[in-house]
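Participant: One structure follows; several queries about it will come next.
The values are calculated or read from the model by the stated rules, or taken from the named source; none is laboratory data. Since the model is a prediction, treat every value here as computed from it, not as a measurement. Don't worry about glycine lacking a Cβ; one is built from the backbone with ideal geometry, like all the others, and counts go over all protein chains shown. Surface areas here come from the heavy atoms of the whole protein model, side chains and all, with no ligands, DNA or RNA. Shrake-Rupley method; radii C 1.70, N 1.55, O 1.52, S 1.80 Å.
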Amino acid sequence: EEEEEAESFADMMKHGLTELDVGITKFVSSHQGFSGILKERYSDFVVHEIGKDGQISHLDDLSVPVDEEDPSEDVFTVLTAEEKQRLEELQLFKNKETSVAIEVIEDTKEKRTVIHQAIKSLFPGLETKTEDREGKKYIVAYHAAGKKALANPRKHSWPKSRGSYCHFVLYKENKDTMDAINVLSKYLRVKPNIFSYMGTKDKRAITVQEIAVLKITAQRLAHLNKCLMNFKLGNFSYQKNPLKLGELQGNHFTVVLRNITGTDDQVQQAMNSLKEIGFINYYGMQRFGTTAVPTYQVGRAILQNSWTEVMDLILKPRSGAEKGYLVKCREEWAKTKDPAAALRKLPVKRCVEGQLLRGLSKYGMKNIVSAFGIIPRNNRLMYIHSYQSYVWNNMVSKRIEEYGLKPVPGDLVLKGATATYIDEEDVNNYSIHDVVMPLPGFDVIYPKHKISEAYREMLKADNLDIDNMRHKIRDYSLSGAYRKIIIRPQNVSWEVVAYDDPKIPLFNTDVDNLEGKPPPVFASEGKYRALKMDFSLPPSTYATMAIREVLKMDTSIKNQTQLNTTWLR
């Protein structure tokens, strides 16, 4: 079955983007490329966040900080499934009941305390009281104060002395950060916005990062380890503050490229080049989406103020890798242009398509701007940023094509956060690693050489005016930013290992180490060779672009799929 699925996936990917489509065309290194398979198994790609203190995040401690204030472990088991169901319906106002009564069997004061604690800690917003009815004791749960209480879980039982945020390390496999948080919030029955983090991490990988959550105890979080697949939570601590996006120093990557063809000499040369020169800091393929409608096209339409096109691009049928129900939803849309009818084809309404259709049925087809506004702000801005990235990639390729790998007069460098030009006389004080190029916007300057005109031309071809990047909808105004054109990874190390079984893991994860699993032992001879590498990168740089420079090979799913049609495992 797996083979079949992989085959059809390979077919679907024929419509995906290639690197050329998004301006990724140049290499900085001179070595000869070789082939290898990237992300054959998602466990071959491991990301550890580097925190603001420069420490690499590891999951290495599952213990719960001891806290006198915590209720006993019994709160997780004292209620039956049926009682939990009734309480949840009460908590979420799912039925007309105003209270739920739970009979206390084997009545003792301790038992009653545990039930009170269980209801209050597992169902925030509910109050409890004990009642006698016909000689039996009942604990009655009811709403503390109408609907308001749910949004703001009672501040009960959160000790003053304890920091309001529980920080923990999240280890996840094959899920992106937002999905992971949605799963956690579902299990904890809280809104996802009480979680904060410093950066989102790849889906097709094993990743380890720090998360903070408001007023949920480490005890409750640790309990999730029992019921969740593909996640582990640990390294708990209470702190005063949440985390902020972008506060990280970067990420550390451990990557295995399987079945490589390069000689030891080629590998040596390639890795030395990565260490000494680095790689072109392109935005990687994942920035541009996986279907036949790239995200930058949607972004371009938003910037052009072409809202009908925005709607069509997001909703129209397309070839490419997609779930069946999305395909049906798109067909319905193409046929009827009826948002409500298309919406009925979607079991999950959380996706962008679902949100846009909901907006359209609410605001009508004449008001696409408001309909689009229903999509969470970060997702909307992702489209515009994707267009900026598309321009940046293309411009950097042009810059390297035109002037090579040395700074030239008219290039930009940063002094603090301000960009300044390199002059004729100080060109020797800089290296290519100092040079930045702008993402287009109203608050940046452009290089003083040919490339400046190239920016203007590229935007003009898309009916955009580089001198007017303010949008009449403030959210969609682009201020722009600067980005280094070449990045040198830190802490680069590598080894070539031999192996016989393509399914065997070639290194231990944090979870393997927690379970006391011995690290793999390599044969000196084997059917296949793999290149295992480690390196650190600053935030918002793409490991796939570093790897591309080593292999000298297209990293798009489309190309990788042709190499290896079973990476879906």
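Participant: Among Glu89, Glu97, Glu131, Glu103, which is under 37 Å from the mean Cα position of the chain (by Cα) and farther than 30 Å from Asp202 by Cβ?
Facilitator: Glu89
Participant: Inside the range 432-447, can you point out the residues that are assigned to a loop (DSSP other than H, G, I, E, B) and surrounded by 13 or more Cβ atoms within 10 Å (Cβ to Cβ)?
Facilitator: Result: Pro440, Gly441, Phe442, Val444, Ile445, Tyr446, Pro447.
Participant: Would you check which residues across the range 313-336 are surrounded by fewer than 19 Cβ atoms within 10 Å (Cβ to Cβ), of a type in the set (D, E, K, R) and assigned to a helix (DSSP H, G or I) and list them?
Facilitator: Lys328, Glu331, Lys335
Participant: Sort out which residues of the range 401-426 are at pLDDT 95 or above, outside any loop (DSSP other than H, G, I, E, B) and of a type in the set (Val, Ile, Thr), and write them in order of number.
Facilitator: Of everything in the range 401-426, those that are at pLDDT 95 or above, outside any loop (DSSP other than H, G, I, E, B) and of a type in the set (Val, Ile, Thr) turn out to be Val413, Thr420.
Participant: Follow-up. Take the range 271-310 and flag every residue that is crowded, with 22+ Cβ neighbours inside 10 Å and under 24 Å from Tyr499 (Cβ atoms).
Facilitator: Leu274 - this is the single residue of the range 271-310 that is crowded, with 22+ Cβ neighbours inside 10 Å and under 24 Å from Tyr499 (Cβ atoms).
Participant: Enumerate the pairs (first residue in the range 425-446 and within 21 Å of Tyr296 (Cβ to Cβ); second residue anywhere and of a type in the set (Lys, Arg) and part of a helix (DSSP H, G or I)) with beta-carbon separation below 7 Å, excluding pairs fewer than 6 apart on the same chain, so at least 6 apart or on different chains.
Facilitator: Met437/Arg399
Participant: Shifting gears a bit: Could you please let me know if Lys94 is among the charged types (D, E, K, R), in a helix (DSSP H, G or I) and either in contact with a helix residue (DSSP H, G or I) (Cβ under 8 Å, 6 or more places away or on another chain) or outside the structural domain of Ser185 (by the TED database) (or both)? Step through it out loud before you land on a result.
Facilitator: Details: among the charged types (D, E, K, R): yes; in a helix (DSSP H, G or I): no; either in contact with a helix residue (DSSP H, G or I) (Cβ under 8 Å, 6 or more places away or on another chain) or outside the structural domain of Ser185 (by the TED database) (or both): yes.
The answer is no for Lys94.
Participant: Condition test on Gln268, is it more than 21 Å from the chain's Cα centre (by Cα), of a type in the set (S, T, N, Q) and surrounded by fewer than 20 Cβ atoms within 10 Å (Cβ to Cβ)? Give the derivation first.
Facilitator: Working: more than 21 Å from the chain's Cα centre (by Cα): yes; of a type in the set (S, T, N, Q): yes; surrounded by fewer than 20 Cβ atoms within 10 Å (Cβ to Cβ): yes.
So Gln268 fits the description; yes.
Participant: Something else about it: Tell me, please, whether a residue that is closer than 23 Å to Tyr283 by Cα and open to solvent by 40 Å² or more (accessible area, probe 1.4 Å) can be found in the range 421-430.
Facilitator: no
Participant: Look at Leu59 and say whether it is within 40 Å of the chain's Cα centre (by Cα), in a loop (DSSP other than H, G, I, E, B) and either β-branched (Val, Ile, Thr) or surrounded by 17 or more Cβ atoms within 10 Å (Cβ to Cβ) (or both).
Facilitator: When the stated conditions are applied, Leu59 passes them.
For (1) under 30 Å from the mean Cα position of the chain (by Cα); (2) surrounded by fewer than 21 Cβ atoms within 10 Å (Cβ to Cβ); (3) free of Cβ contacts under 8 Å to residues at least 40 places away in the same chain, each residue gets a yes or a no:
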{"residue": "Asn367", "(1), (2), (3)": "no, yes, yes"}
{"residue": "Asn378", "(1), (2), (3)": "yes, yes, yes"}
{"residue": "Leu381", "(1), (2), (3)": "yes, yes, no"}
{"residue": "Ile384", "(1), (2), (3)": "yes, no, no"}
{"residue": "Tyr387", "(1), (2), (3)": "yes, no, no"}
{"residue": "Asn393", "(1), (2), (3)": "yes, no, no"}
{"residue": "Tyr403", "(1), (2), (3)": "no, yes, no"}
{"residue": "Lys406", "(1), (2), (3)": "no, yes, yes"}
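Participant: A further question on this structure: Before we move on, is Thr541 closer than 21 Å to Arg287 by Cβ, at pLDDT 85 or above and under 21 Å from the mean Cα position of the chain (by Cα)?
Facilitator: It is true that Thr541 is closer than 21 Å to Arg287 by Cβ, at pLDDT 85 or above and under 21 Å from the mean Cα position of the chain (by Cα).
Participant: Hey, another quick one. Of everything in the range 216-262, what is of a type in the set (Ser, Thr, Tyr) and closer than 21 Å to Asp510 by Cα? Give them in sequence order.
Facilitator: Hits for the range 216-262 are Ser237, Thr254.
Participant: Right, something else. Tell me which of these Ala101 doesn't satisfy, since it passes every other one: (1) closer than 28 Å to Ala222 by Cα; (2) at pLDDT 80 or above.
Facilitator: The number of the failed condition is (1).
Participant: Would you check if Lys460 is surrounded by fewer than 17 Cβ atoms within 10 Å (Cβ to Cβ), in the same structural domain as Asp264 (by the TED database) and more than 28 Å from the chain's Cα centre (by Cα)?
Facilitator: Working: surrounded by fewer than 17 Cβ atoms within 10 Å (Cβ to Cβ): yes; in the same structural domain as Asp264 (by the TED database): no; more than 28 Å from the chain's Cα centre (by Cα): yes.
When the stated conditions are applied, Lys460 does not pass them.
Participant: When Gly234 is evaluated against the numbered criteria (1) of a type outside the set (D, E, K, R); (2) open to solvent by 20 Å² or more (accessible area, probe 1.4 Å); (3) at pLDDT 90 or above, which criterion, by number, is the only one it fails?
Facilitator: Going through (1) of a type outside the set (D, E, K, R); (2) open to solvent by 20 Å² or more (accessible area, probe 1.4 Å); (3) at pLDDT 90 or above one by one, Gly234 breaks only (2).
Participant: Regarding Val293, is this residue of a type in the set (Val, Ile, Thr) and either free of Cβ contacts under 8 Å to residues at least 24 places away in the same chain or not in a helix (DSSP H, G or I) (or both)? Give the steps one after another, and end with the answer.
Facilitator: Numbers: of a type in the set (Val, Ile, Thr): yes; either free of Cβ contacts under 8 Å to residues at least 24 places away in the same chain or not in a helix (DSSP H, G or I) (or both): yes.
In short, yes.
Participant: Let me ask something else about it. Out of the range 408-435, which residues are small (Gly, Ala, Ser) and more than 35 Å from the chain's Cα centre (by Cα)?
Facilitator: Once the filter is applied, which keeps residues that are small (Gly, Ala, Ser) and more than 35 Å from the chain's Cα centre (by Cα), the range 408-435 yields only Gly410.
Participant: Can I ask one more? In the list Arg330, Arg300, which residue meets the criterion of being free of Cβ contacts under 8 Å to residues at least 24 places away in the same chain and not assigned by the TED database to the domain that holds Lys398?
Facilitator: Going through Arg330, Arg300 in turn, the sole match is Arg330.
Participant: Out of the residues in the range 237-265 meeting the condition of being among the small types (Gly, Ala, Ser) and surrounded by 19 or more Cβ atoms within 10 Å (Cβ to Cβ), tell me which one is farthest from Val497 (Cα to Cα).
Facilitator: Filtering first and then ranking leaves Gly250.
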